There are 2 protein chains.
Amino acid sequence: MTNRSQNRAHQRPPAAACAGARPATLADVARAAGTSAMSVSMVLNNACTTSQVSPRTRKRIVAAAAQLQYRPNLAARALANRRIQAIGVAAVVEGGELNHYFLEIFNGIIASATLHRQNTTVFGLHDWVRDSIRLRDLCDGRIDGMILLAPTFGCEAAPNLPAYVPFVSIHANHLFPGVVNIESAEEEGAYALVQHLIAHGHRRIMHLTGPMGLTGPERRIRGYLRALADARLPFESPFLVPAGFTTELGRTAMRGWLARHAGDPLPQAVFCANDAVAVGCIEAFGEVGLRVPDDVSVAGFDDTLAARSVVPQLTSVRQPLRAMGAKAVELLLARIHDPAGAREAVPDPIVLPVELAVRASVGTPSRVRRLVPSR
Amino acid sequence: MTNRSQNRAHQRPPAAACAGARPATLADVARAAGTSAMSVSMVLNNACTTSQVSPRTRKRIVAAAAQLQYRPNLAARALANRRIQAIGVAAVVEGGELNHYFLEIFNGIIASATLHRQNTTVFGLHDWVRDSIRLRDLCDGRIDGMILLAPTFGCEAAPNLPAYVPFVSIHANHLFPGVVNIESAEEEGAYALVQHLIAHGHRRIMHLTGPMGLTGPERRIRGYLRALADARLPFESPFLVPAGFTTELGRTAMRGWLARHAGDPLPQAVFCANDAVAVGCIEAFGEVGLRVPDDVSVAGFDDTLAARSVVPQLTSVRQPLRAMGAKAVELLLARIHDPAGAREAVPDPIVLPVELAVRASVGTPSRVRRLVPSR
DNA sequence: CTGAAAGCGCTTACAG
DNA sequence: CTGAAAGCGCTTACAG
């Protein structure tokens, strides 16, 4: 008995079905079945080389494997196969946390990955540009491919991605050569949402924007402007208010606007860059006694869990985040299996449709309201 | 040139810093530096065997490794070291999604794991008991240890965990021999919360419970009952309402109660089993025109993102979910590094303190309200 | 100071 | 039908 297995023997009080202190290897199974490791490997993998194994031997092998609770060692298998059956997911951890947006997409990724028997490894980055090297260092055999969640490299700082690992991005801010990007029809979604507000009779429609310089927020602004123009509503620049992508920033932006515009006519409806911002916006209105949707309508974007966790629930634009995650996994696996072929078959970027999620936070316009300056 | 590297050469249009179509190996670096693989391994790992390497050789090795963008292959390393530098996180995917509770704990796990340079692999299970075998099959070298998130095996169905992989659980429903469980002071939290409601003047306090048969919900009920008793408030059984752990179930439970008890005095405050339930509860009140906190106070539990994403924000019991995730990683790593030793040093279960998160959803009691039956 | 060699546990041509 | 052998890319005693 080696020193190693002695240590292991002490690891835990003898469990019920503890078949041994050390996992069984192929050689162990071969020995128990009175055959060679090769035959065991063939049988257990249903491999279909020229070689065949007799039913008798096969039966003995299966029995021995079950008896020893044999599980092929993943590291050894990965080394021999040059595939580790795992995909990576890289996302930026903002303010120490992965957010709702991540959670939704990740749910799609993990469902699809599990279906395809792939492991999913999550990498939390601090900053896309600064962690570009880490991204590259992660390509050391621990994953077969990687999904980049909303990467925001500028054109000037293209990521240094190795050529021998396939990448797929979701909501990338820029397109990278060789990396398929999965997007959604954000401009159309924003357009439809604002049109919806207009159909409810709203005329003075504010937009709290996302962070500037990013593709997503810009598309939402374009949809907003186009919907106003098509409805022949005037664009009023005080109604285009920079916010960000968090509840905090939404609250601050709306609060600030109310303070600066005391006495001015309030917006009848606010289209927010995402659901989190909408929540902050509703809070800011609440602070000055305005109720949603009675006094003012508010709408979000993304339709994350947050949209359904607010009272009233948010009218929002449903991005197919789960589907986007699942799609990313499928594209990635196609490339992993056929690095040369899968490339041309796919349009780049892939754009998935969005749809309006109509809920309670949008009502009909109330009479013109203003905040009394003294308040 | 082998067939394999030919394929790889076509994988992507020539990238800027593409150092080669195939990742460099230790042998490649050794060749470039004019030395042996062993010396390269020693230098790159700062290994401290008896062996030494001269500064000149060392310099050549470092230069060659950088030039070739050498990254040690993880699978090969894992095979040689019997450690793959990864931990697993197993959680049940309910209704196709990982929830807020998962997200919070996972944020703690990934932060700590990243700090310790460990990969984090997420396994989505459908059912603890049915997937018990899958859990075992995952222990095939792909992870060095595993964290079980809120496992709910009954005593009758103890999981079949292999002895050679360490496990740590968080909020386990039962304790397993050899698995440290990390908990939080849920009963005390519930007690403090109800005490808080009482201090605000509430007397008729309802509790919407979590799923029956689980430790967490039971502890919350005990805290609730004890707080009532200590304040010499009568326990009224219609005020102990079974719900569940989702917004849906919270809404349904509250709605149902209101329908069944039309004309009865309403609760002044509702203590909900978690934040999601509280959101559902607020919605149900909203449907019959009752406002929170003006007409009725509502409090949650857990203090997940949901608690801060509702308007009004929820008074809740803050569970240190992030800290629990981080703690789990640390305990697990201690066991991985010292399977024999780390065991006794640690109390089991570990109980972390909770604290009250006071927000806007709890106010002072309004006069006695009843719903008109006709409504 | 340096390197040849064995071994980690698999897979896969290849030769009986 | 069956198995000995080489190889995947590392690490680590061990012998110069």
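The values are calculated or read from the model by the stated rules, or taken from the named source; none is laboratory data. None of the values given here were measured: they were computed from a predicted structure. Heads up, the Cβs are rebuilt from the backbone with ideal geometry, glycines too, and the neighbour counts pull from every protein chain shown.
Structural remarks
- The combined condition, being within 14 Å of chain A (Cβ to nearest Cβ), touching a Cys at 6+ places or on another chain (Cβ under 7 Å) and of a type in the set (A, V, I, L, M, F, W, C), is fulfilled by B:V165.
- Every test in (1) of a type outside the set (S, T, N, Q); (2) farther than 30 Å from A:F167 by Cβ; (3) more than 10 Å from DNA strand C (Cβ to nearest atom); (4) modelled with pLDDT of 90 or more is passed by A:V53 save one, and that test is (4).
- Test for B:V168: is it touching a strand residue (DSSP E or B) at 6+ places or on another chain (Cβ under 7 Å), of a type in the set (V, I, T), within 29 Å of A:A76 (Cβ to Cβ) and at pLDDT 95 or above: yes
- Checking each residue in the stretch A:86-106 for being outside any strand (DSSP E or B) and modelled with pLDDT under 95 picks out A:V93, A:G95, A:G96, A:L98, A:N99, A:H100, A:Y101, A:F102, A:L103, A:E104.
- Condition met for B:A150 (more than 16 Å from DNA strand C (Cβ to nearest atom) and away from chain A (no Cβ under 11 Å)): yes
- Selection of the stretch A:272-295 for residues being within 19 Å of A:T364 (Cβ to Cβ), under 33 Å from the mean Cα position of the chain (by Cα) and assigned to a loop (DSSP other than H, G, I, E, B) yields A:R291, A:V292, A:P293.
- Scanning the stretch A:309-331 for residues that are within 14 Å of chain B (Cβ to nearest Cβ) and part of a helix (DSSP H, G or I) turns up A:L321, A:R322, A:A323, A:G325, A:A326, A:V329.
Quick grid of which residues meet (1) assigned by TED's automatic domain parsing to the domain that holds B:A192; (2) modelled with pLDDT of 95 or more:
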position	(1), (2)
B:E248	yes, no
B:W257	yes, yes
B:P265	yes, no
B:A278	yes, yes
B:R291	yes, no
B:V296	yes, yes
B:A306	yes, no
B:V311	yes, no
B:G325	no, yes
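- Residues located in the stretch A:189-216, provided they are touching a residue at least 40 places away in the same chain (Cβ under 8 Å) and either touching a Phe, Trp or Tyr at 6+ places or on another chain (Cβ under 8 Å) or not assigned by TED's automatic domain parsing to the domain that holds A:A253 (or both): A:G189, A:A190, A:L193, A:V194, A:L197, A:R204, A:I205, A:M206, A:H207, A:L208, A:G210
- Considering (1) without any contact (Cβ under 8 Å) to a residue 60 or more places away in the chain; (2) crowded, with 19+ Cβ neighbours inside 10 Å; (3) within 11 Å of another protein chain (Cβ to nearest Cβ), the lone condition that A:D137 does not fulfil carries the number (2).
- Hey, A:I110 more than 10 Å from every other protein chain (Cβ to nearest Cβ), of a type in the set (A, V, I, L, M, F, W, C), assigned to a helix (DSSP H, G or I) and more than 16 Å from DNA strand C (Cβ to nearest atom) or not: no
- Failed item, numbered, when A:R335 is tested on (1) in a helix (DSSP H, G or I); (2) more than 10 Å from chain B (Cβ to nearest Cβ): (2)
Here's the yes/no breakdown for (1) away from chain A (no Cβ under 14 Å); (2) in contact with a helix residue (DSSP H, G or I) (Cβ under 6 Å, 6 or more places away or on another chain):
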| site | (1), (2) |
| --- | --- |
| B:L26 | no, yes |
| B:A37 | yes, yes |
| B:P55 | yes, no |
| B:A64 | yes, yes |
| B:Q67 | yes, no |
| B:L74 | no, no |
| B:R77 | no, no |
| B:A91 | no, yes |
| B:E97 | no, yes |
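- For the stretch A:28-35, the count of residues that are within 11 Å of another protein chain (Cβ to nearest Cβ), crowded, with 22+ Cβ neighbours inside 10 Å and touching a residue at least 40 places away in the same chain (Cβ under 8 Å) is zero.
- Residue match in the stretch B:64-71 (condition: within 9 Å of DNA strand C (Cβ to nearest atom) and more than 31 Å from the chain's Cα centre (by Cα)): no
- Selection status of A:A27, in a helix (DSSP H, G or I), more than 44 Å from the chain's Cα centre (by Cα), closer than 21 Å to B:D137 by Cα and at pLDDT 90 or above: no
- Single condition A:P151 does not satisfy, out of (1) touching a Pro at 6+ places or on another chain (Cβ under 9 Å); (2) closer than 21 Å to B:I84 by Cα: (2)
- The lone exception for B:R83 - which of (1) out of contact with any Ser or Thr (no Cβ under 9 Å at 6 or more places or on another chain); (2) within 12 Å of DNA strand D (Cβ to nearest atom); (3) free of Cβ contacts under 8 Å to residues at least 12 places away in the same chain it fails: (3)
- The single residue among B:R83, B:R77 that is outside any helix (DSSP H, G or I) and either within 16 Å of DNA strand C (Cβ to nearest atom) or assigned by TED's automatic domain parsing to the domain that holds B:G325 (or both) turns out to be B:R83.
- Residues in the stretch B:138-152 that are closer than 24 Å to A:P72 by Cβ and assigned to a strand (DSSP E or B): B:G145, B:M146, B:I147, B:L148.
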